[in-house]
Amino acid sequence: MALPLSFLLALVVLSCKNTCSLGCDLPQIHSLDLETSEEKEGGALTLLKNMRRIPTFSCLNYRKDFSFPQEQLEGEQVQKAQAVAVLHEMTQQVFNLFSTQEAFAAWNKTLLDTFLSGLYQLLDDLKDCGSKQVGVEEAPLRAVRKYFHRITVYLKEKKYLPCAWEVVRAEIMKSFSSSANLYTRLRSME
């Protein structure tokens, strides 16, 4: 999960109730529990935490820095339209990663199904916002794709072993935190 982030399953965001100046209603993503709301059963972060099957300390030799593109997703580099596109891309990549046969072989199927259902709903909501955006710069999206490509290559190299999946699970939790930060910035751009 790599660079010190507060995130991955501070996954993609805080509750959103107002209309954003992007011209769309940002999705209600509180069900993903990307903030710190631990009371919710079934939030994305809670689900990812519950998916853990192996003590993290037993996988220390599997650790890897996937070089999350945090710098490209912070500051003024990501504008409003880009933020929606980046959130959509990150969510799509997490969905793709966890909807593979290898993922279903590695994780509790009930938790994984619930996790994927939440991501699918978020993707659908973000797609509605993203389809109204034009001229989105490709660099942040490319950085997110490369990041997830490194994760996919890592899993293949490690032959999808349980410790490799545990490292990836933790990394995704960190990326969710970054997504939550990006979403918070997006909401403040209203």
Length gained if Leu161 through Ala105 is fully extended, taking 0.36 nm per residue and subtracting the Cα-Cα distance, is 19.1 nm
Quick one: what are the phi-derived ³J(HN,Hα) couplings along the stretch 113-127, Karplus 6.51/-1.76/1.60 with θ = phi - 60°, whole Hz, x for glycine and proline? 4, 5, 4, 5, 4, x, 5, 4, 5, 4, 4, 4, 5, 5, 4
For the stretch 176-181, Karplus-derived ³J(HN,Hα) couplings (6.51, -1.76, 1.60; θ = phi - 60°; whole Hz; x for glycine and proline) come out as 5, 4, 5, 5, 5, 5
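Please compare each pair in Lys127/Lys159; Lys64/Lys146; Lys49/Lys158; Lys127/Lys156 to a cut-off of 26 Å on the Cα-Cα distance and tell me which ones are over it. List each step's numbers first, then the result.
Details: Lys127/Lys159 33 Å; Lys64/Lys146 15 Å; Lys49/Lys158 22 Å; Lys127/Lys156 29 Å.
Result: Lys127/Lys159; Lys127/Lys156 exceed 26 Å.
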Tell me which of Trp107, Tyr120, Pro140 sits at the most positive position along the dipole axis of the stretch 104-183, charges placed on C-beta atoms (Lys, Arg +1; Asp, Glu -1). Trp107
Calculated FRET value between Ser117 and Arg63, using beta carbons and R₀ = 22 Å, to 0.05: 0.15
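Values in this text are rule-based calculations from the coordinates and carry no lab data. Note that this is a predicted model, so its numbers are computed, not measured. Quick reminder, even Gly has a Cβ in these numbers, built from the backbone with ideal geometry, and neighbours come from all protein chains shown.
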